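Report on the structure given below.
The values are calculated or read from the model by the stated rules, or taken from the named source; none is laboratory data. Keep in mind the model is a prediction, meaning the values are calculated, not measured. Because the Cβ atoms are built from the backbone with ideal geometry, glycine has one as well, and the counts that use them run over all protein chains shown.
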């Protein structure tokens, strides 16, 4: 005889009720709800700080514009707007897990006056300043709504429990209202149950209200302190188009240079070599003037050595073997050793850059040293190479006469095209009288 034990089966309706209950109150125990709440509360503190600092800086810099101090202070104020954007984007990424792209770094070129004008015209900085003026009223609003939402919902939901511990005396109590009006019996019960039900309903709504506020906060930060994704995509397409055009143009120029060097150099020498050997062979075959035949062979030998040397230089100009074998430090040292102007080389790298970036850096330095030797009248120069934030930094210096300027088809224009082909940046400082400094940034990846 076997006994059958029947397990109770939970009805489907009961399962749905429990599932609905869990979904309704689950946000209360989720860390994101309380992280967003803390973020909204801190908006007031950050709003006060941003508003105070920005108003102070604008007031002081505006009042001192008649002096030499006001202009750099105004530039610093606009730059502080970028700091605001960076801090707020970091807060948004920490709380919401959404990475908001920063504005691209502004390119600063020229003298002090041009740099100041570019700093004041920085739209990203002014967006941060605009956000500072909005942050204070927005912080007051989010702080107030967050405190009221949580305090009212928790207070109503816990009212019956709190009432049990509050003395019910004649001077006041949880069920005393107006002038001497006191709830008794079912009135107390109904009032307690009603407040608790309202509080529980508000506890369902409170996390959702908080998250909606958080979404609005993130939307404000995204719209004011982060570039428009469509605009960023358009800028990226334009940047890639410029890079592609520069790469194609650079490849065409390089091919024409190789063709010219082959035609004017090694090819001419090889033709001369063949002619000398042909004439020497004829004289040796006829037995006439063997001394002249020997001279022609000697000339052919010299021509062959010159052709080999020119071919070696041509190959080095395409891609030097020392760069592949020993890296950028050795390749730049070899360039400096061949330069007629004394060049100091300082390379501080923790790792080898990618091959295209390494090659671009080599040829930028090679062309710069060639320009120094031809045009600068410099007595010395320096090449410094470093790395910062996955960016290869080049600085090429000479103490020459300065006055270097870009011209279509000129050396500096070719340098900029070569750098643009790998999405790098070039800054030139060459006041009349010198010195000349070329600062190059080449992206190395992570």
Are there any pairs, at least 6 apart or on different chains, whose C-beta atoms fall under 7 Å, with the first in the stretch 30-56 and within 18 Å of residue 220 (Cβ to Cβ) and the second at pLDDT below 95 and not in a helix (DSSP H, G or I), and if so, which?
none
Scanning the stretch 275-292 for residues that are out of contact with any helix residue (DSSP H, G or I) (no Cβ under 7 Å at 6 or more places or on another chain) and within 15 Å of residue 304 (Cβ to Cβ), the one surrounded by the fewest Cβ atoms within 10 Å (Cβ to Cβ) turns out to be 278
Hey, can you tell me all the residues within the stretch 48-68 that are in contact with a helix residue (DSSP H, G or I) (Cβ under 8 Å, 6 or more places away or on another chain) and loosely packed, with under 14 Cβ neighbours inside 10 Å?
62, 63, 65
Residue count, the stretch 373-399, condition buried (at least 19 other Cβ atoms within 10 Å of the Cβ) and assigned to a helix (DSSP H, G or I), comes to 1
For residue 331: the one exception among (1) more than 23 Å from the chain's Cα centre (by Cα); (2) surrounded by fewer than 15 Cβ atoms within 10 Å (Cβ to Cβ):
(2)
Evaluation of residue 229 against (1) surrounded by fewer than 12 Cβ atoms within 10 Å (Cβ to Cβ); (2) modelled with pLDDT of 70 or more (one fails), failing number
(2)
Residues that are touching a residue at least 24 places away in the same chain (Cβ under 8 Å) and touching a helix residue (DSSP H, G or I) at 6+ places or on another chain (Cβ under 7 Å), drawn from the stretch 322-335
323, 328, 331, 332, 335
Name the residues in the stretch 303-323 that are over 30 Å from residue 365 (Cβ atoms) and at pLDDT 75 or above, would you?
304
Name, by its number, the condition in (1) out of contact with any helix residue (DSSP H, G or I) (no Cβ under 7 Å at 6 or more places or on another chain); (2) surrounded by 13 or more Cβ atoms within 10 Å (Cβ to Cβ); (3) at pLDDT below 80 that does not hold for residue 111.
(2)
Evaluate the stretch 356-372: report whether one residue or more is loosely packed, with under 15 Cβ neighbours inside 10 Å, over 28 Å from the mean Cα position of the chain (by Cα) and modelled with pLDDT under 85.
yes
